[in-house]
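S.K.: The following block contains the structure, expressed as structure tokens.
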Amino acid sequence: MNKKIIILSFLATALTIAIGIGISYAYWGQREQQENPNIVQTGCFKIELEETVDSTINMEAAYPMYDEDGEKLAPYIFKVTNTCTVYANYSVNLERLNTTTIDTSLIKVQINNEEPKLYSAYQSATKILEDATESRTLATGGVGPEESVTYNLRLWIDSTAGNETQRQTFASKIVITAVAGVEPIYAAKYIENLVEENPDTMVIDEYGNTRYIGTNPQNYVKFNGESWRIIGVFKTYECPESATARDYDTKCSEQKLLKLIRADSIGNYSWDSSLSSVNSGYGVNEWRLADLNTLLNDYYYNSKENQTCYNSNNNGHTTCSFNTTGIKEENHDMIANVLWYTGTIDGDWSQSSTRDSVEKAGAKAFYEGERSDKTGKICQDGSYCNDSESRSTKWIGKVGLMYPSDYGYSIGNDQREACLAKSLYSYSSCASSSWLFMSGTYQWTITPVPYGSYANAAFYVHSSGRVSDTYADIAFAVRPVVYLKSNVSIVGDGTGESGEAAYQLSA
């Protein structure tokens, strides 16, 4: 009963930002500045809404435009802050005022860097303002005590609009409604908090990543109806579908996300293959274009059957089906679209001075190389180096593979310090202390190999435990890797290879 009273009291005095956001086609836009923050308080449950100084929606070009142009408009910036001790769940609504004359199905809205949508496509909400005729929820979230969330809002007229919108106006106000709630157990934060009590099986590396280490840590997850394992928690960029590797820094938001790897392989497939006239038929080591990329992000992700999957040189292939082992549609909402690093180490892997050097091929060197501008094509010509494909060092997608550094940093037990002082090429003696190692199995990684005379090789984890290289056309084990969205929560204890007692996930 007390909780209900708080909710009703808060909703009855809904927090409203007193600013009109207007669009007037080929005419002008209007904005009235609010000088002070709005505060609504009931007991110790308080939310503060504050405009950023000098923030406004730039309406100098109030005419129909394409999304790519609308996303370049200066945003209106505002911040939601919880200044008390009770966790708060909130909604950001945009309420259309009765002075609006334009058809709202022609108004495009972008909140933060999410995909732009028509105003009418957002979920309908209960109106709070007396002079409002419609309300739509742009975003929902939660803030803990003393936490803040900043939003960027852009509005424009959709490119499909015609002359009928001339001198029409869209007038609106932002409304924040909130209720006291219980903080969800977000997966990434939950796992990070376990490090202190699990020093033998969890570490924070020198880059701030939380990793599971050792022979068999309790990191099992029941995901997609099967057993997966947690590699750790990593800072990366979560991206909208429209983002590309070129504009990730403006379209994507940096997040700490939980990274999973499937406990078992989905089969043995080529990293890439090619016609015999291209790199002698052994494939092209560019992940963006790799056959395995297509397999994972189309066939596997969409649970397709009867597809062409490559498993040997000269575009040798087989028929593959993922209708039973693929990602089920109900789990798509958990998987984040993220930035993957596809760079590689600095050096020529064909030289022992590179392969055997911890400075060039140790776990740290691989980690930094993966995030560098070094590519897998350092050769200039030759029958193994005649492809014409450009190389990239970043890629945005949903399903990838582990990095060599993931394997390198997974070593635990008493061997960790000694192994981290070795090249990954010398890791055979370290394998028994890594949970990512699979005895008798060759596992692909996502990282290309820089060879002085080849442009068709990728790194893999050898069945003996070392990180080695081979032609991309070879059919090796594929263990999909995904990052979970920041709003995925987790419960359980991480035990049990069968997954029955493993961590359970929910969106």
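FYI, it's all coordinate maths here, none of it is from the lab. What you see is a predicted model, and the numbers here were worked out from it, not measured in a lab. Heads up, the Cβs are rebuilt from the backbone with ideal geometry, glycines too, and the neighbour counts pull from every protein chain shown.
S.K.: Return the FRET efficiency for the residue pair residue 371, residue 103: r is the Cβ-Cβ distance, R0 is 51 Å, and the value is rounded to the nearest 0.05.
M.R.: In this case the efficiency is close to 0.65.
S.K.: What is the distance in Å between the Cα centres of the stretch 366-408 and the stretch 176-197?
M.R.: So the two Cα centres are separated by 36 Å.
S.K.: Further, regarding this structure: For residue 74 paired with residue 441, estimate the spin-label separation in nm (one decimal), with each label point 7 Å from Cα along the Cα-to-Cβ line.
M.R.: In this crude spin-label approximation the distance works out to 5.5 nm.
S.K.: Would you list 147, 241 from fewest to most Cβ contacts within 10 Å?
M.R.: So the ranking, lowest neighbour count to highest, is 241, 147.
S.K.: Give, as ranges by residue number, the residues of the stretch 115-131 whose backbone N falls under 17 Å from the point 7 Å along Cα→Cβ of residue 66.
M.R.: Only 116-117 fall inside the zone, counting backbone N under 17 Å.
S.K.: Using 7 Å Cα-to-Cβ label points, what is the residue 418/residue 85 separation (nm, one decimal)?
M.R.: The answer from the label model is 5.2 nm.
S.K.: How charged is the neighbourhood of residue 270? Take every other residue with its Cβ under 13 Å from the Cβ of residue 270, and add Lys/Arg as +1 and Asp/Glu as -1.
M.R.: In short, -3.
S.K.: Now for a separate question. Give me the distance between the Cα centres of the stretch 64-127 and the stretch 242-298, rounded to whole Å.
M.R.: 34
S.K.: How long is the stretch 247-385 along each principal axis, judged by its Cα atoms, biggest number first, in Å?
M.R.: Largest to smallest, the principal-axis extents are 47, 41, 31 Å.
S.K.: Oh, and also: For the stretch 60-97, run through the trypsin sites (Lys or Arg not before Pro) and keep only the ones in DSSP coil with at most 16 other Cβ atoms within 10 Å of their Cβ.
M.R.: In loop regions of the stretch 60-97 (DSSP not H, G, I, E or B), the sparsely surrounded trypsin sites (Lys or Arg not before Pro) are 72.
S.K.: What is the diffusion coefficient of the stretch 192-274 in µm²/s, taking the Kirkwood radius over Cα pairs and the Stokes-Einstein relation at 10 °C with a viscosity of 1.306 mPa s?
M.R.: Once the numbers are plugged in, D ends up at 104 µm²/s.
S.K.: Compute the long axis of helix 2-12 from its Cα atoms, compare it with the longest principal axis of the Cα atoms of the chain, and write down the angle in degrees, 0 to 90, nearest 10.
M.R.: So the inclination is approximately 60 degrees.
S.K.: Non-local amide H neighbours of residue 86 (under 5 Å, H modeled in plane, Pro and chain starts lacking H): which ones?
M.R.: Those qualifying (amide H under 5 Å, at least 5 residues apart or on another chain) are 46.
S.K.: At residue 303 and residue 356, where each label point lies 7 Å from the Cα along Cα→Cβ, what is the point-to-point distance in nanometres?
M.R.: Roughly 5.2 nm, to one decimal.
S.K.: Hey, with R₀ at 51 Å, roughly what FRET efficiency would residue 383 and residue 333 work out to, going by the Cβ-Cβ distance, to 0.05?
M.R.: Between residue 383 and residue 333 the formula returns 0.65.
S.K.: Collect residues whose amide H, placed 1.01 Å from N in the peptide plane, falls under 5 Å from the amide H of residue 442; neighbours closer than 5 in sequence don't count.
M.R.: Distant-sequence amide H within range of residue 442: 477.
S.K.: Please report the relative contact order for the chain, taking Cα pairs under 8 Å with a sequence separation of at least 6, and give it as a percent rounded to a whole number.
M.R.: The normalised contact order for the chain reaches 15 percent.
S.K.: Take the alpha carbon atoms of the chain, find their radius of gyration, then divide it by 2.2 N^0.38 Å using N residues; give the quotient.
M.R.: So the chain has a normalised radius of gyration of 1.11.
S.K.: Continuing with this model, one more query. Taking every pair of Cα atoms in the stretch 161-202, average 1/r, invert it to obtain the Kirkwood radius, and report Rg/Rh to two decimals.
M.R.: We get a ratio of 1.51 for the stretch 161-202.
S.K.: A further question on this structure: For 67, 356, which order do you get if you count the other beta carbons within 10 Å of each Cβ and list the fewest first?
M.R.: The most exposed by this proxy come first: 356, 67.
S.K.: If you don't mind, there's one more thing I want to ask. Just from its helices, what would the mean residue ellipticity at 222 nm be for the chain, if runs of 4 or more DSSP H residues each count -39500 (n - 2.57) and the sum is divided by every residue, rounded to the nearest 500 deg cm²/dmol?
M.R.: Estimated from H runs of four or more residues: -2500 deg cm²/dmol.
S.K.: Calculate, in nm to one decimal, what residue 149 and residue 112 gain on full extension: separation in residues at 0.36 nm each, minus their alpha carbon distance.
M.R.: Extending this stretch completely gives an extra 12.2 nm.
S.K.: While we're here: Rank these for me by crowding, 407, 119, going from fewest to most other beta carbons within 10 Å.
M.R.: Ascending Cβ contact count within 10 Å gives the list 119, 407.
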